[in-house]
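Take a look at the structure below.
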Amino acid sequence: MEHSALSLIPPLLAIILAIISKDVVISLLAGLFSGYLILNGYNVPEAFTSLFNGIIGLFSEGWITKTVLFSLLVGSIIRLIVDSGGVAGFVHFLTIKSNTIRSARGALLLSYAVGIIIFIESSITSLVAGTVGKPLTDKYGVSRQKLAYICDSTSAPVCSLIALNGWGALLIGLITAEIGANTITGNATDIFIHSIPFNYYAILALILALIVILTGKDIGPMRQFEKLAKQQHQILSNLQSVQTDKNQATGHMSHMLTPLIVMILTVPVSLYLTGDGNILKGSGSTSVFYAVVVSLLVTFVYFMMTGTMTKKAFYKSFYQGIADMIPIALILILAFAIGKLTNDLGTGKYLASLAQGIVSPVLIPVIVFLLASLIAFSTGTSWGTFSIMMPIAIALSVATGAHLYLVIGAVISGGIFGDHASPISDTTIISSMAAGCDHIEHVTSQLPYALIGGAFAAVLFVISGLLF
């Protein structure tokens, strides 16, 4: 179809309904149905048929199938490390035996540090930071919403600042395509590395999250969630203490660390193998899928050999973990569906076309940032935004004389900012899952912080446009 303002209706309808109704599934279905109505000339029966065929057709995409399976199997790993006593053992070691984590701030700092160190893949980053942090933040009365914010703020931002992962591979690949098209010259990796200092939103998101942890200052809905968490903590503290002691009698932190370490180490190996010896060309979706499968296999062997769990207990926890993740997997599927629909409608290209008339090199960086933010917010995908905006932004840079590295940084920053703020983002959904937090509560409590980071980033792009 011809790209028009109508293409904005499905994602905006889904986003608005999700925020108002708090029901993500119904909101995404409503957005999808409205989009298929447009595509099918407002024929209701055909729209219904196209809706269900579109969802089923998603599984022909290997990366989507692997991501959904990853989200389900991750639930099994989480359930296994809890039921085996690994989480209780980990909490006991850090808070009592070693006395390392002694406060809510320490628990959040640990999650933050894990998010910084594990930069290999954003989904794994969020998962591990959430899994490690959740029992400790629960122990000290920190809200799951704040933990989800920390997970989200140290996943995509960190991954986008480092080349040695799937994010780097994608971005370097997009720059390489423009070099191949003779739009620009140079080495793609060097260009990406030079753009890193201009990835303002990612840098600001990391700084802001650290400030929030160190100061303990909360704004917007987060203040209320933190207040409720502290009240609930006071009521349940005695019960939690009894439960921890019970699990500790048969659990050990190795039951938690072994599955997670195996999963983390498998990702770079898988990236190397799927990239035929080049980690930057590896498949991110395949690598995280392999990582969770290998982790489960190693965990099964380890638990059986050590007598940690019986085979019956292992399978029970395995299946229960999958069941726990079914709502998250459903939201992911619908989010992917609406992402594909917006591509069919040309939502991103329509928004990108709005920038074609801009000629001032001073304003190019901030306009690219805002436009990339809007595309990512509307489509729920930072990677899709990079793919749409990178060729346009580089062409604008060449045509107007705008600073190339600055413009590339604006594309990356905008993609991450819009993705952070969007209720239909897969990374936002996974961060909610990792922290055990309601998805919409995570979106609404994170939004004020994302807007602060986005506003400062926009100002920096204006100033940089003047200076460079």
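The values are calculated or read from the model by the stated rules, or taken from the named source; none is laboratory data. Fair warning: this is a prediction, and the values are worked out from it, not measured in the lab. FYI the Cβ positions are ideal-geometry reconstructions off the backbone, even for glycines, and counts take in every protein chain you see.
Do we find a residue being free of Cβ contacts under 8 Å to residues at least 60 places away in the same chain, among the hydroxyl-bearing types (S, T, Y) and closer than 23 Å to A455 by Cα anywhere in the range 355-370? Checked against the condition, which is being free of Cβ contacts under 8 Å to residues at least 60 places away in the same chain, among the hydroxyl-bearing types (S, T, Y) and closer than 23 Å to A455 by Cα, the range 355-370 yields at least one hit.
Scan the range 302-311 residue by residue and report those that are closer than 15 Å to S76 by Cβ and exposed (fewer than 13 other Cβ atoms within 10 Å of the Cβ). Result: K311, single match.
Of the residues that make up the range 435-451, is at least one assigned to a helix (DSSP H, G or I), farther than 30 Å from I326 by Cβ and at pLDDT 90 or above? Within the range 435-451 (the criterion being assigned to a helix (DSSP H, G or I), farther than 30 Å from I326 by Cβ and at pLDDT 90 or above), the answer is yes, since at least one residue qualifies.
Taking the range 387-419 as the range and being at pLDDT below 85 and within 24 Å of A14 (Cα to Cα) as the test, the residues that pass are S387, I388, M389. Checked against the criterion of being surrounded by 23 or more Cβ atoms within 10 Å (Cβ to Cβ), under 30 Å from F93 (Cβ atoms) and touching a Cys at 6+ places or on another chain (Cβ under 7 Å), the range 148-162 contains one or more residues that satisfy it. Looking only at residues in the range 229-260 that are part of a loop (DSSP other than H, G, I, E, B) and aliphatic (A, V, I, L, M), the one that is modelled with the lowest pLDDT is A249.
Of the residues making up the range 90-104, those that are over 23 Å from T125 (Cβ atoms) and touching a residue at least 40 places away in the same chain (Cβ under 8 Å) are H92, T95. Residues in the range 115-127 that are buried (at least 22 other Cβ atoms within 10 Å of the Cβ) and among the β-branched types (V, I, T) were compared, and the one that is modelled with the lowest pLDDT is I120. Among the residues of the range 127-156, those identified as assigned to a helix (DSSP H, G or I) and of a type in the set (G, A, S) are A129, G130, G133, A148, S153, A156. Among the residues examined, V142 does not qualify as in contact with a Pro (Cβ under 9 Å, 6 or more places away or on another chain), surrounded by 24 or more Cβ atoms within 10 Å (Cβ to Cβ) and farther than 28 Å from P268 by Cβ. Any residue in the range 86-98 that is surrounded by 22 or more Cβ atoms within 10 Å (Cβ to Cβ), closer than 22 Å to Y140 by Cα and either modelled with pLDDT of 80 or more or polar (S, T, N, Q) (or both)? Yes - at least one qualifying residue is present in the range 86-98. For the range 174-190, the tally of residues that are among the hydroxyl-bearing types (S, T, Y) and in contact (Cβ under 8 Å) with a residue 24 or more places away in the chain stands at 2. Scan the range 408-424 and tell me whether some residue there is in contact with an Asp or Glu (Cβ under 9 Å, 6 or more places away or on another chain), closer than 30 Å to R144 by Cβ and β-branched (V, I, T). No - not one qualifying residue is present in the range 408-424.
Looking across the range 373-385, the residues that are in a helix (DSSP H, G or I) and modelled with pLDDT under 85 come down to S378, T379, W383, G384, T385.
Each residue in the range 88-123 was checked for being farther than 30 Å from L161 by Cβ and hydrophobic (A, V, I, L, M, F, W, C), and 4 of them qualify.
Here L214 fulfils each of the conditions (1) among the hydrophobic types (A, V, I, L, M, F, W, C); (2) buried (at least 18 other Cβ atoms within 10 Å of the Cβ); (3) touching a residue at least 24 places away in the same chain (Cβ under 8 Å) apart from (2).
Where helices (runs of 4 or more DSSP H) sit wholly within the range 1-77, those with at least 2 residues that are β-branched (V, I, T) and under 30 Å from P221 (Cα atoms) occupy 9-21, 24-39. Filtering G414, G418 for residues that are buried (at least 24 other Cβ atoms within 10 Å of the Cβ), within 20 Å of L17 (Cα to Cα) and among the small types (G, A, S) leaves a single hit, G418. I'm checking my understanding of the structure. Among residues of the range 265-301 that are more than 26 Å from F192 (Cα to Cα) and of a type in the set (G, A, S), which one is surrounded by the fewest Cβ atoms within 10 Å (Cβ to Cβ)? Residue satisfying both the conditions and the ranking: S295. In this structure, S60 qualifies as under 25 Å from A323 (Cα atoms) and without any contact (Cβ under 8 Å) to a residue 60 or more places away in the chain. Just to verify a result, which residue in the range 105-129, among those that are over 19 Å from the mean Cα position of the chain (by Cα) and free of Cβ contacts under 8 Å to residues at least 40 places away in the same chain, is nearest to T428 (Cα to Cα)? Applying the filter and picking the extreme gives A107. The helices (runs of 4 or more DSSP H) located wholly in the range 261-366 that include 1 or more residues which are at pLDDT 85 or above, under 29 Å from P391 (Cβ atoms) and over 18 Å from the mean Cα position of the chain (by Cα) occupy 311-345.
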